[in-house]
Amino acid sequence: MGLGRPTNLREPAYNRFNRRQPRRLELPGNRVKSQRQLIICIDESGSMTNQEVAENLGQLRRLLPRLDQPVLLVPFDAVVHTEAIVSLSAAQQVPKFRFGGGGTAFQAIFDWLQESGYRDGNATVLIMTDGHGEVAVDQHQMTTVVWGLTTKIGELSVYQPKGRTVALNRGE
């Protein structure tokens, strides 16, 4: 969802002239970033069984070869485990262990996204969870969110979440 669309984000490009001051070679030009950062948040709370966490990590291993860009893996339970955040580009880099085990707080994800500078224009978020968490979440205007549930779609505890809600198919 939204990974290939061009955005309005600009990044410096030293191999292009600055259009406003083309004679000053020390000033970089700009180019439009064409891809968003894919952020995959994996629920590792106590409500997730070891089997569900292993299946989510297995699905991530199958997804990585299809992408042509690195993804950011963010484990969370009641908090985002910032010390375990990893940038992945190959299936062999996916961790084989569980980090969390506490309660589930989806608000921690959106707070971390806002603090880290991720917005609708530069990131797409996939939350792999069982859906058991708080009822109200302030998503900070983040709408490029996919709620991937290991349970049925109707079991997401968040009331009227922004983005898409899908059921993750097991064993595929």
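Nothing in this text is a laboratory measurement; each read-out follows from the coordinates by a stated rule. A quick note: this is a predicted structure, and the numbers were derived from the prediction, not measured. Here the Cβ is made from the backbone with ideal geometry for all residues, glycine too, and neighbour counts use every protein chain on show.
Once you keep just the Cα pairs under 8 angstrom separated by 6 or more residues, what percentage relative contact order results for the chain?
Dividing the mean separation by the residue count of the chain yields 20 percent.
Measure off 7 Å from each Cα along the Cα-to-Cβ vector at S89 and Q21, then give the distance between these two points in nanometres to one decimal.
3.4 nm
Could you give the distance between the Cα centres of region 53-90 and region 119-172, to the whole Å?
After rounding, the separation between the Cα centres reads 15 Å.
When mean projected area of the Cα convex hull in nm² is calculated directly from the model, which label among (1) 11.2; (2) 9.4; (3) 12.9 fits?
So the structure-derived entry is (1).
Of all the stretches in the chain, which is the longest one without any exposed loop site, taking chymotrypsin sites (Phe, Trp or Tyr not before Pro) in a DSSP loop (any state but H, G, I, E, B) with at most 12 other Cβ atoms within 10 Å?
15-96
Nearest 500 deg cm²/dmol is fine: what mean residue ellipticity at 222 nm does the chain get from its DSSP H runs of n ≥ 4 alone, each adding -39,500 (n - 2.57), divided by its residue count?
Result for the chain, helices only: -4000 deg cm²/dmol.
State, to one decimal in nm, how far the label point of D68 lies from the label point of K162, with both points 7 Å from Cα in the Cβ direction.
Label at D68, label at K162, 3.0 nm between them.
Considering amide H positions built from the backbone, and no H for Pro or chain starts, which residues 5 or more places from Q37, or on another chain, come under 5 Å of its amide H?
It is A123, T124, by chain and number.
Amide H to amide H under 5 Å from F106: which residues, 5+ apart in sequence or cross-chain, H placed 1.01 Å off N in plane?
Amide H to amide H, under 5 Å and 5 or more residues apart or across chains, F106 pairs with E134.
Which FRET efficiency value, to the nearest 0.05, is calculated for R10 and A78 with the Förster distance at 45 angstrom and r the Cβ-Cβ distance?
0.80
Compute the angle between helix 50-63 and the longest alpha-carbon principal axis of the chain, please, reported from 0 to 90 degrees and rounded to the nearest 10.
It works out to around 30 degrees.
Using the Karplus curve 6.51 cos²θ - 1.76 cosθ + 1.60 with θ = phi - 60°, work out ³J(HN,Hα) for each residue of region 132-147 in order, rounded to whole Hz, and write x for Gly and Pro.
Once rounded to whole Hz, the list reads 8, x, 6, 8, 10, 9, 8, 7, 6, 6, 8, 10, 8, 10, 10, 8.
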